[in-house]
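Inspection log for the structure reproduced underneath, given as structure tokens.
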Amino acid sequence: MSLFKLWLRGFIPGPVVVNATERLRACCGALLGILLTGLISHWALGPGAALPLLIAPMGASAVLLFAVPASPLAQPWSIIGGNLVAAVIGVSCARWIHDPVLATAIAVSAAIGAMFALRCLHPPSGAVALTAVLGGPAVTSQGFHFVLTPVLLNSFLLLAVALLFNNATRRRYPHIAHADPGKLHQTKDQPSGARVGFTQEDLDYVLQQYNQVLDVSRDDLEDLILQTEMHAYRRRFGEITCADIMSRDVVSVEYGTSLEDAWALLLKHRIKALPVINPAQRLIGIVTQTDFMRQADLQVYPGFERKLKQFIRRTTNTHSDKPEVVGQIMTSAVKSAAHDMHIVQLVQPLSALGIHHIPVVDDENRLVGMVTQSDMVAALYRGNANLELIS
């Protein structure tokens, strides 16, 4: 009996772990999508159109596009390509296969096969193929015109609303896969974060062995696994924040600090980066030794010292084409961390992105500290040592 109950339990999926705000967002998106698609289709086709203004599969498409926009089954090519090939196949089967039961079976089956081949799997498209065969005289009499209106018209309109609504409500859509950052140092070594734990090749192997379609993209699955690991580290190490490990006496400069003075500070304090702040102490950029070298064209070593001195030396003329102050060479899109951020969240930028220094800011973006790779190594070592003492 227990095995039977366990088998029956498989009929009911687990709870959907999204909050009320996300559920309301999905409902409002579907309402707006279907409403606008119907109204614009009515305007485009006219009140006396023989074809329906909306086809039923659009309701299923709306569930995907607004409730699960991250799904590979909900991406733009999925809905457009899937509905297009399904409609063409459905109309073809309706015209050339006279038995409606056989025609629907072949239409749905062939549509699935075509969507697999064209990488546009979209479950509602199966209903599009079915509608093309069993839609009644109003549909079958239109022949391949049914593919354009209402199928493609509805699909493009619903997609347009999804693009606007999802991005307006801070849902990345289309859900583009993360770009491969490549090898930072142009060597054969894997990035430091990939040398311990699972690699992309490990995940690809497991997915190949699983051999089933997942309703989640590969990069999202990898992110979820990595975030799970990060959460486990947080649970083990406790709440170690940036404020706990950062340097508080930070040497910084302002936008108008001369290059000569900034370089002197780098040498005096034996550091490699200077946060750039405004008079209100808010972070506006960062200037590093690399910025100096790049701007002074020091990639070629002959004459290195001479070129550097010429670059940082103040110009006595009124006008100069050469950068004179820090603000002219600093990096404005600076990666910063909140003072209450857990240090585990710094592992990725410090290991994979080639960042060596991360300025720490408060809730008003005022500079309050700096975390370096050395700070991270020490913090993780002490955290692990404490765990060993406890155990």
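From the list ALA74, ALA50, which residue is of a type in the set (A, V, I, L, M, F, W, C), assigned by TED's automatic domain parsing to the domain that holds THR131 and modelled with pLDDT of 95 or more? Even if it seems obvious, please write down each step before you answer.
Details: ALA50 fails: modelled with pLDDT of 95 or more.
It is ALA74.
Conditions tested, residue by residue: (1) part of a helix (DSSP H, G or I); (2) among the β-branched types (Val, Ile, Thr).
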site: GLY14; (1), (2): no, no
site: VAL18; (1), (2): no, yes
site: LEU24; (1), (2): yes, no
site: LEU32; (1), (2): yes, no
site: LEU36; (1), (2): yes, no
site: HIS42; (1), (2): yes, no
site: PRO47; (1), (2): no, no
site: LEU54; (1), (2): no, no
site: LEU65; (1), (2): yes, no
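Yes/no matrix, rows are residues, columns are (1) at pLDDT 90 or above; (2) of a type in the set (D, E, K, R):
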{"position": "ILE245", "(1), (2)": "no, no"}
{"position": "GLU254", "(1), (2)": "yes, yes"}
{"position": "LYS268", "(1), (2)": "yes, yes"}
{"position": "ALA296", "(1), (2)": "no, no"}
{"position": "ASN317", "(1), (2)": "no, no"}
{"position": "SER320", "(1), (2)": "no, no"}
{"position": "ILE329", "(1), (2)": "no, no"}
{"position": "VAL334", "(1), (2)": "no, no"}
{"position": "ALA338", "(1), (2)": "yes, no"}
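In segment 351-377, the residue that is surrounded by the most Cβ atoms within 10 Å (Cβ to Cβ) out of those that are within 22 Å of GLY238 (Cβ to Cβ) and modelled with pLDDT under 80 is SER351. Evaluation of SER125 against the conditions (1) assigned to a helix (DSSP H, G or I); (2) under 19 Å from GLY29 (Cα atoms) shows that the sole unmet condition is (2).
Provide a single number: the residues in segment 10-37 that are surrounded by 18 or more Cβ atoms within 10 Å (Cβ to Cβ) and not hydroxyl-bearing (Ser, Thr, Tyr). First the steps, then the outcome.
The first filter runs over segment 10-37 and keeps only residues surrounded by 18 or more Cβ atoms within 10 Å (Cβ to Cβ), leaving 25-26, 29-30, 33-34, 37.
From the residues that got through so far, the ones that are not hydroxyl-bearing (Ser, Thr, Tyr) too are 25-26, 29-30, 33-34.
Residues that pass the stated criteria total 6.
The values are calculated or read from the model by the stated rules, or taken from the named source; none is laboratory data. Small disclaimer: the values here were computed from a predicted structure and weren't measured. Cβ sites come from the backbone with ideal geometry, for glycine too, and all protein chains shown count toward neighbours.
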